[in-house]
Amino acid sequence: MLKALPPDRWNQTLAAHLANRAGFGATPAEIEELTGMGVQKAVARFVDYDRVPDPTPDPEWAKPDPERAERLAAARKAGEEERRRLQREEQQAQRQRLVELRGWWLQRMAKGPRPLQERMTLFWHGHFATSVEKVRDAYLMWRQNELFRRLATGNWLQLLTEVGKDPAMLIYLDQAQSRKEKPNENFAREVMELFSLGEGHYTEKDIGEGARALTGWSYDRMTQKFVERPFFHDRGEKTIFGKTGPFDGGDFIKLIVAQPQAGRFITAKLWRYFVSDDLPEETALELAANFRASGNNFKPVLREIFSSEAFYAPDVIRTQVKSPVQWLVGSVRMLERALPPAQISMGLTRNLGQDLFAPPNVKGWDGGLSWITTNNLLARYNEAAMLVHGDRAAMAAALLAGKKKAAAKTSEAAERRLRNLRPGAVEVEKILTEAERRDKEALIGALQRRLLQSKLKPAQEKALRDYLDSQGELDDADILNAIRLVMSTPEYQLT
C-alpha cells in the first residue's frame, strides 16, 4: 500500500532518486539542498512548480499565421514550376521551425525552473503521440506541446477534452474530416484503446457510436483553431457504455472518464513511468481510488507517489533505462554544461531513437529496454564523447547517423555548417574541486556521486581506477576521459 516514507529515512540517495525521476537529474549541490529540505518539502519543490516563475519566451513564430493558408492556396493555383518553388520554401520554413522547436523544448528540460512540468509534458507527448510528419505544421505542434505543459498535472476530463479539440490531434487522427454521413472512427477508437481505457474495456459499438458523437469537431485551416461545425454533427440518439442520448463529443469524453477503468488506466501508466513496471493489484486499486477522490486531478496522485515508501524501494532506484531525451538532458544537467545547439541536440536524440514531435506511431515510443540495442548503446558511448570532449568527429558521426535514420536530404554546404558547430568541452574546474582533480581516489568518488549517485560495479570501478593509475599525474584531458568512461558504463544508462 502507499505508505508514506518516514522522514528519518530521507537521505541523499533518495533525494537524488526523486530528482532523477521527477525531473532530469541534479548536481551534487542541488541534491544536498533537497536532502536538507526533508521529503515533504523536497516533493513539494517538484510538484508545486506553479509557484515558481517561468520566464521562458515562446518561439518568435509561435502564433497563428493567417497568411499560411493563402500561401498554400496560391501554390496550388500556380504553374508547376512556381508551385514547386513555393512548396519548397514552405517546407524549408517548417523544417527550420521544427529544429528551433525541438531545441526550445530541450532547453526548457535542461535549464528550465520546472523539471516535473517538463517531465509530464514529455509523458503526455508519448501518451497522446502526434507526429509532425502528418501534421506538417510546427506551430500546431508547439501549440499541442503548450497544452500538455499547461495541463500537465491538472484534470483528466479537461485534458482529454482539450486534446480531442487540439488542431494537431484533429489532423493526426483525421477527426477534422469526420462527417455525419461517414463518421471517422480513428480518434474514437484511439481515445479509448490508447489514451484512456485500454483494450477490452469498450466494444466496437462504443467506437462507432462515439465516432457519431464526435462528428462536428473540426479544424479551421484559416484561423488554425478548433471549430465546431453543427451541420456536420449527427444529432441522433447514440448508445455508449450502455447509456443512450443525443450525445456530442464532450458527452462522449465525459462518459469515458466516468468509467472506473479510466482512472485505473492512467494512474497505472503514471506509476510505470515514474516508478516501476511492477504494480501490485492493491496499489493499483488504491491509486485509482485516490485519483477518483481527488476529482480526477493528477497533482495529488503525483504527490502521493513521490512521498511513498514504494517509490524509494531499493528495487526501484536506478532500474529504469533512460530515454534518449532523459539521457541527453540529464547529462547536460549533471555535467553543468550548455545544451548543444538545436541542430546538434536534435540529431543526438534522433540518433538514439527518440525524435521529438515525430513518434514512430500513435502508440508512441515503447521505452524501457527497447532503448538499448547494440547500435543505440554504441551511439550513447559516442555521444558521451561528444558531450564531454566537444569532439567534432563524434558529433559529426552522430549527426550524419541521425540524418540517415530520418532519411533527410541535406546539401554538402549544410553538412559543412553542421560540422563547424562546436558544442564545447566540459569545464572540469566547474564540476570538480582542485582536491578531487588531484587525488585519484577522490576523483573516483566525486564522479560516482555526480554521475551515478551510487557506486560503480566492481569491474567498472576497477577499469576506471586502472585507467587513472596508468596516466600518472592527471591533467584535464585525463579527467575528461574518466568522465566519458563512467558515462559509457551500463550503470549510467539507468535512472
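List of remarks:
- The conditions of being out of contact with any Gly (no Cβ under 9 Å at 6 or more places or on another chain) and in a helix (DSSP H, G or I) are met by residue 176.
- Residue match in the range 48-57 (condition: modelled with pLDDT of 95 or more, buried (at least 19 other Cβ atoms within 10 Å of the Cβ), out of contact with any Gly (no Cβ under 9 Å at 6 or more places or on another chain) and assigned to a helix (DSSP H, G or I)): yes
- When the criteria are applied in full, residue 74 fails the requirement of being surrounded by 13 or more Cβ atoms within 10 Å (Cβ to Cβ), within 20 Å of residue 168 (Cα to Cα) and not charged (D, E, K, R).
- When 409, 462, 455 are checked against the criterion of being among the basic types (Lys, Arg), modelled with pLDDT of 80 or more and not in a helix (DSSP H, G or I), 455 stands alone in meeting it.
- Considering the conditions (1) touching a helix residue (DSSP H, G or I) at 6+ places or on another chain (Cβ under 7 Å); (2) part of a helix (DSSP H, G or I), residue 339 is excluded by exactly one of them, (2).
- Members of the range 234-249 found to be out of contact with any strand residue (DSSP E or B) (no Cβ under 9 Å at 6 or more places or on another chain) and surrounded by fewer than 20 Cβ atoms within 10 Å (Cβ to Cβ), listed by number: 235, 236, 241, 242, 243
- Members of the range 3-18 that are part of a helix (DSSP H, G or I) and in contact (Cβ under 8 Å) with a residue 60 or more places away in the chain: 9, 12, 13, 14, 16, 17, 18
- Just so you know, in the range 181-210 the residues that are assigned to a helix (DSSP H, G or I) and among the β-branched types (Val, Ile, Thr) include one that is surrounded by the fewest Cβ atoms within 10 Å (Cβ to Cβ), and it is 207.
- Helices (runs of 4 or more DSSP H) contained entirely in the range 61-159, each with at least 1 residues that are over 25 Å from residue 51 (Cβ atoms) and aromatic (Phe, Trp, Tyr): 138-150
- When each of 119, 102, 85 is tested for being at pLDDT 95 or above, over 23 Å from residue 19 (Cβ atoms) and not hydroxyl-bearing (Ser, Thr, Tyr), the lone residue that passes is 102.
- Taken together, the residues in the range 19-41 that are over 26 Å from residue 436 (Cβ atoms), assigned to a helix (DSSP H, G or I) and of a type outside the set (S, T, N, Q) amount to 4.
- Filtering the range 73-94 for residues that are more than 23 Å from the chain's Cα centre (by Cα), closer than 30 Å to residue 447 by Cα and of a type outside the set (A, V, I, L, M, F, W, C) leaves an empty set.
- Filter result for residue 385 (among the small types (Gly, Ala, Ser), free of Cβ contacts under 8 Å to residues at least 60 places away in the same chain, crowded, with 16+ Cβ neighbours inside 10 Å and not assigned by TED's automatic domain parsing to the domain that holds residue 107): no
- Residue 380 over 29 Å from residue 136 (Cα atoms), charged (D, E, K, R) and modelled with pLDDT of 65 or more: yes
- Given (1) exposed (fewer than 15 other Cβ atoms within 10 Å of the Cβ); (2) on the phi < 0 side of the Ramachandran plot, number of the condition residue 300 does not satisfy: (1)
- Picking from residues in the range 241-268 that are out of contact with any helix residue (DSSP H, G or I) (no Cβ under 8 Å at 6 or more places or on another chain) and of a type outside the set (A, V, I, L, M, F, W, C), the one that is farthest from residue 213 (Cα to Cα) is 261.
- Residue in the range 211-233 that is of a type in the set (Val, Ile, Thr), crowded, with 18+ Cβ neighbours inside 10 Å and over 30 Å from residue 143 (Cα atoms) present: no
- In the set 373, 319, 349, 283, only one residue is among the polar types (S, T, N, Q) and free of Cβ contacts under 8 Å to residues at least 24 places away in the same chain; that residue is 373.
- Just one of the listed residues (102, 114) is in contact with a Phe, Trp or Tyr (Cβ under 6 Å, 6 or more places away or on another chain), among the basic types (Lys, Arg), at negative phi and in contact (Cβ under 8 Å) with a residue 12 or more places away in the chain, namely 114.
- Flag for residue 97 being closer than 30 Å to residue 17 by Cα, in contact with a helix residue (DSSP H, G or I) (Cβ under 6 Å, 6 or more places away or on another chain) and in contact (Cβ under 8 Å) with a residue 12 or more places away in the chain: no
The values are calculated or read from the model by the stated rules, or taken from the named source; none is laboratory data. Just so it is clear, the structure is predicted and the values come from calculations on it, not from any experiment. Counting neighbours? That spans all protein chains shown, and the Cβs are built from the backbone with ideal geometry, glycine included.
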